[in-house]
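Chemist: This is the structure I want to talk about, given as structure tokens.
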Amino acid sequence: MVLRKKKEMNIIQHFLEKAVLYPDKAAIIDPKYRISFKQLKSEIEETAAYFYKKGIRAGDRVLIFVPMSVELYRTVLAIFYMGATAVFLDEWVSKKRLEVCCDIADCKAFIAVSKVRILAIFSKAIRKIPIHLGTSYKGSDQKIAMYPANGEETALITFTTGSTGIPKAAKRTHAFLNEQFDALKKAVEPQVKDVDMPVLPIVLLLNLGIGCTSVIADFKASKPNKIVPKKIINQINKYQVNRLTASPFFIKVLARYLIETKQNTPTLKKVFTGGAPVFPNEASLYNEAFGDTHIRVVYGSTEAEPISSIDTKTLTNAQNKNITKGLNVGVPYGDLIEVKIIKIIEDVIELNHENDFDEMPKGNIGEIIVAGKHVLRAYFNNEAALKRNKIFIGDKVWHRTGDAGYFGDNGTLYLTGRCSSMIPTENTWIAPFLYENALQNIEGVEIGTVLKFKDKILVIIEAEAGATKEKIQEQIEGSNLHFNEIKFIPKIPRDPRHNSKVAYKVLQQQLVNS
């Protein structure tokens with residue numbers, strides 16, 4: 001097989017090249033079994049032939065509902081191999097969300113584990129999909145040739161969390177995935193010799209293209225609160241994992257366990273986390289737990305990953321601990337991405353020239369917008385989202401992150417929260433982000449936030465087990481936070497993907513219903 005030049009290669013071609021270079025090396029180790037690059041390549045080719053026999057063709061959209069496993073990546077890469085589009089759903093997806101995603105994607109086939117296919121009988125949206133398959137791949141003696149996909153054909157559709165409304169279908173072409181592949185390589189600097197534990201699914205695709213080994217963590221992403229840290233630490237030590245890529249919630253669970261049990265992870269050299277804010281006191285917890293391990297917090301979004309990053313030792317220095325205006329997320333990756341801060345407005349933005357941006361002066365809060373080759377250009381079947389979240393100037397596209405922030409000294413980027421959660425006052429803004437950081441530093445607070453409800457500024461607190469509410473209230477009242485009332489609730493709702501960010505809309509609705 002003749003491979004294209006590296007700069008033109010797509011994800012499946014990157015993998016096939018590595019399968020030739022490192023045939024006997026472990027590609028994926030999951031809690032059930034391990035598979036080599038050579039064996040995975042063979043199974044991908046068989047799976048593609050099986051899918052073809054069942055009626056899937058190049059250009060078809062295929063809804064995939066398979067937990068993070070060898071089966072998931074065999075299925076996704078087989079879809080890429082045959083030129084179809086993989087429509088990926090997270091494990092935590094609800095029936096309502098699943099049906100919304102089905103309506104958006106309009107798929108030809110549905111592939112899922114048996115339990116999900118049984119439950120799908122009760123979903124009208126899934127019953128409409130013509131082809132239903134399990135994760136099996138046997139039954140075809142003939143191989144098919146790899147489809148020669150061009151860069152502009154859609155490889156993968158993923159969905160945003162939908163925290164600000166209906167989930168948006170992120171349309172990732174082969175060219176975009178390749179740009180994201182290159183951007184993540186620069187940010188993570190993966191090595192062939194690495195053994196990574198990637199809890200974020202897209203990172204495992206990167207690993208398969210690099211030629212390093214991935215260990216799938218032994219937990220259910222749909223039940224993050226059920227993580228058994230002992231199992232994860234045992235995996236890290238057993239397989240000599242040297243790189244860990246996961247959400248802040250996952251890292252925090254491991255960190256607390258390591259500190260409580262006085263254990264360590266001697267082989268772990270790098271930790272990358274992202275998808276939710278990491279405040280200085282949480283970063284300090286990471287530093288204490290993982291010792292000399294290099295830990296970076298990466299800032300980005302579904303549509304632009306990565307944007308910037310900061311190491312936890314810098315994040316915990318004295319200057320950053322005394323947060324008064326924002327959370328330091330580091331200096332943007334200048335060779336990968338352009339970043340601007342513009343005035344916060346709700347309206348669609350249409351401009352003819354970049355000079356027309358209403359940019360905020362250094363130190364002033366505005367909306368963060370980004371442009372770059374690895375910044376998503378399009379959504380699938382959502383013209384309204386495209387107009388609201390993108391600014392097209394000629395061939396260039398700027399993505400509106402929906403995050404509020406500002407530039408500080410030396411080009412450092414600071415976050416102040418979601419634009420939609422900022423609370424306007426007479427002369428300025430109240431940034432929930434900053435309250436959340438201040439509240440997290442109060443003894444006994446598991447997580448806290450602030451929101452406006454019935455013309456009152458409420459501080460909402462989820463206390464740690466065994467904490468005294470009176471002591472927490474006393475500390476909050478003695479702080480310089482502006483509020484009208486303190487309210488304790490059993491659990492503050494988090495985002496379903498990372499279980500780390502406050503789900504403001506859900507919280508607001510809970511207050512309405514209480």
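The values are calculated or read from the model by the stated rules, or taken from the named source; none is laboratory data. Everything numeric in this text was worked out from a predicted model, so none of it was measured. Virtual Cβ from ideal backbone geometry, glycine too; neighbours counted across all protein chains shown. In case anyone asks, the SASA skips ligands and DNA or RNA and just uses the protein heavy atoms, side chains included. Shrake-Rupley method; radii C 1.70, N 1.55, O 1.52, S 1.80 Å.
Chemist: Taking Lys143 as the anchor, which lysines have their alpha carbon closer than 26 Å to its alpha carbon, excluding any fewer than eight residues away along the same chain?
Modeler: Answer for Lys143, where 26 Å is the Cα cut-off: Lys5, Lys6, Lys18, Lys25, Lys38, Lys41, Lys53, Lys54, Lys108, listed by chain and number.
Chemist: Counting only DSSP beta bridges with both residues in segment 379-514, what percent are antiparallel, rounded to the nearest 5? Could the numbers behind the result be given before it?
Modeler: Details: 20 of 24 bridges.
Looking only at bridges with both residues in segment 379-514, the antiparallel portion is about 85 percent.
Chemist: List the trypsin sites (Lys or Arg not before Pro) within segment 54-101 that fall in a DSSP loop (any state other than H, G, I, E or B) and whose Cβ has at most 15 other Cβ atoms within 10 Å. If you can, show how the numbers build up before the last one.
Modeler: Numbers: sites: Lys54, Arg57, Arg61, Arg74, Lys95, Lys96, Arg97; in loops: Lys54, Arg57.
Passing sites in segment 54-101 are Lys54, Arg57.
Chemist: Please name whichever of Ser309, Pro490, Gln263 sits farthest to the positive end of the charge dipole of the chain, dipole taken about the Cα centre and charges placed at Cβ: Lys and Arg +1, Asp and Glu -1.
Modeler: Gln263
Chemist: So how far apart, in nm, are the two label points at Val348 and Ile423 if each is 7 Å from Cα heading toward Cβ?
Modeler: 3.3 nm
Chemist: Once you have the Cα-Cα distance between Asn225 and Lys193, take 0.36 nm times their residue separation minus that, and quote the gain in nm to one decimal. Working shown, then result.
Modeler: On the way: separation 32, 0.36 × 32 = 11.52 nm, distance 3.19 nm.
Full extension of this stretch gives 8.3 nm more.
Chemist: With an 8 Å cut-off on Cα pairs and a minimum separation of 6 or more residues, tell me the relative contact order of segment 98-189 in percent. Don't skip to the answer; put the middle values down first.
Modeler: Working: 85 pairs, mean separation 20.8, N = 92.
Relative CO of segment 98-189 lands at 23 percent.
Chemist: Still on this structure: Take the alpha carbon gyration tensor of segment 184-312, find the square roots of its eigenvalues, order them as a ≥ b ≥ c, and report rounded if a/c is under 1.5; if not, report prolate when a/b exceeds b/c, else oblate.
Modeler: Because its axes are fairly even, with a/c under 1.5, segment 184-312 counts as rounded.
Chemist: If you don't mind, there's one more thing I want to ask. In Å², what does the accessible area per residue of the chain work out to with a 1.4 Å probe?
Modeler: Numbers: 23430 Å² over 514 residues.
Using a 1.4 Å probe on heavy atoms only, each residue of the chain averages 46 Å².
Chemist: If you don't mind, another one. Please list 3J(HN,Hα) in residue order for segment 432-438, calculated via the Karplus relation 6.51 cos²θ - 1.76 cosθ + 1.60 where θ = phi - 60°; whole Hz, with x for glycine and proline.
Modeler: These are the phi-based 3J(HN,Hα) values: x, 3, 5, 4, 4, 5, 4 Hz.
Chemist: How large is ³J(HN,Hα), in whole Hz, for each residue of segment 66-81 in order, when computed from phi with the Karplus curve 6.51 cos²θ - 1.76 cosθ + 1.60 and θ = phi - 60°, using x for Gly and Pro?
Modeler: Result, ordered by residue: 10, x, 4, 5, 4, 4, 4, 6, 4, 5, 4, 5, 5, 4, 4, 4 Hz.
Chemist: I want to check the label-to-label distance for Lys32 and Val512. Put each point 7 Å from Cα in the C-beta direction and report it in nm to one decimal.
Modeler: So the label points at Lys32 and Val512 sit 4.2 nm apart.
Chemist: Follow-up question, since we're still on this one. Report, in deg cm²/dmol and to the nearest 500, the calculated mean residue ellipticity at 222 nm for the chain, where each DSSP H run with n ≥ 4 adds -39500 (n - 2.57) and the sum is divided by the residue count. Don't skip to the answer; put the middle values down first.
Modeler: Working: 17 runs with 164 residues, N = 514.
Helix-only estimate at 222 nm: -9000 deg cm²/dmol.
Chemist: Moving to a separate point now. Which cross-chain or sequence-distant (5 or more) residues have an amide H under 5 Å from the amide H of Gly151, H modelled 1.01 Å from N in plane?
Modeler: Sorted by chain and number, the residues that satisfy this come to none at all.
Chemist: So, R0 is 51 Å and r is the distance between the beta-carbons of Phe392 and Asp311; what FRET efficiency does that work out to, to 0.05? Intermediate values should be presented prior to the final figure.
Modeler: Values: r = 35 Å, r/R0 = 0.69.
That pair, Phe392 with Asp311, gives E of 0.90.
Chemist: Going through the cross-link list Lys340/Lys501; Lys340/Lys487; Lys128/Lys501; Lys128/Lys396, which pairs have a Cα-Cα distance over 28 Å in this structure? Can you show the working numbers first?
Modeler: Working: Lys340/Lys501 24 Å; Lys340/Lys487 37 Å; Lys128/Lys501 34 Å; Lys128/Lys396 38 Å.
Exceeds cut-off: Lys340/Lys487; Lys128/Lys501; Lys128/Lys396.
Chemist: Calculate how many DSSP beta bridges within the chain are antiparallel, expressed in % of all such bridges and rounded to the nearest 5. Before the final figure, lay out each step's value.
Modeler: Details: 49 of 82 bridges.
About 60 percent, rounded to the nearest 5.
Chemist: Of the listed peptides 217-226, 410-419, what is their order by residue-averaged count of other C-beta atoms within 10 Å, with the highest listed first? All intermediate terms of the calculation are to be shown ahead of the outcome.
Modeler: Values: 217-226: 15.2, 410-419: 19.7.
Highest-to-lowest ranking by the protection proxy: 410-419, 217-226.
Chemist: Taking amide hydrogens as modeled 1.01 Å from N in the peptide plane, which residues meet the under 5 Å criterion relative to Val87, leaving out close sequence neighbours?
Modeler: For Val87, whose amide H was placed from the backbone, the distant partners under 5 Å are Val62, Leu63, Ile64, Ile157.
Chemist: In debye to the nearest 20, how big a dipole does segment 205-302 give about its Cα centre with +1 on each Lys and Arg Cβ and -1 on each Asp and Glu Cβ?
Modeler: Details: 13 positive and 5 negative charges, 59 e Å.
Result for segment 205-302 is approximately 280 debye, rounded to the nearest 20.
Chemist: Report, to the nearest whole %, how much of the accessible area of the chain belongs to carbon and sulfur atoms, 1.4 Å probe, protein only.
Modeler: Numbers: 11550 of 23430 Å².
Reported share for carbon and sulfur atoms: 49 percent.
Chemist: Taking the Cα of Asn150, stepping 7 Å toward and past its beta carbon, and measuring to each backbone N in segment 349-388: which are under 12 Å?
Modeler: Correct set: none at all.
Chemist: Related question: Would you mind putting 197-206, 434-443 in packing order, based on average other-beta-carbon counts within 10 Å, highest first? Working shown, then result.
Modeler: Numbers: 197-206: 22.3, 434-443: 19.5.
So the order, starting with the most tightly packed, is 197-206, 434-443.
Chemist: For the chain, what relative contact order do you get, as a whole percent, if you take Cα pairs closer than 8 Å and at least 6 residues apart? All intermediate terms of the calculation are to be shown ahead of the outcome.
Modeler: Values: 998 pairs, mean separation 53.4, N = 514.
Relative contact order, the chain: 10 percent.
Chemist: Share of Cα-Cα pairs in the chain beyond 37 Å, in percent? Don't skip to the answer; put the middle values down first.
Modeler: Details: 39283 of 131841 pairs.
So the portion of pairs separated by more than 37 Å is 30 percent.
Chemist: Under 5 Å between amide H atoms, partner at least 5 residues away or on a different chain: which partners does Ile430 have, H built in plane at 1.01 Å?
Modeler: Ile423, Thr425
Chemist: Here's another thing I want to ask about it. Under the Karplus relation 6.51 cos²θ - 1.76 cosθ + 1.60, θ = phi - 60°, what is the ordered set of whole-Hz ³J(HN,Hα) values for segment 121-133, x standing for Gly and Pro?
Modeler: 4, 8, 9, 4, 5, 6, 4, 6, 6, x, 10, 10, 9
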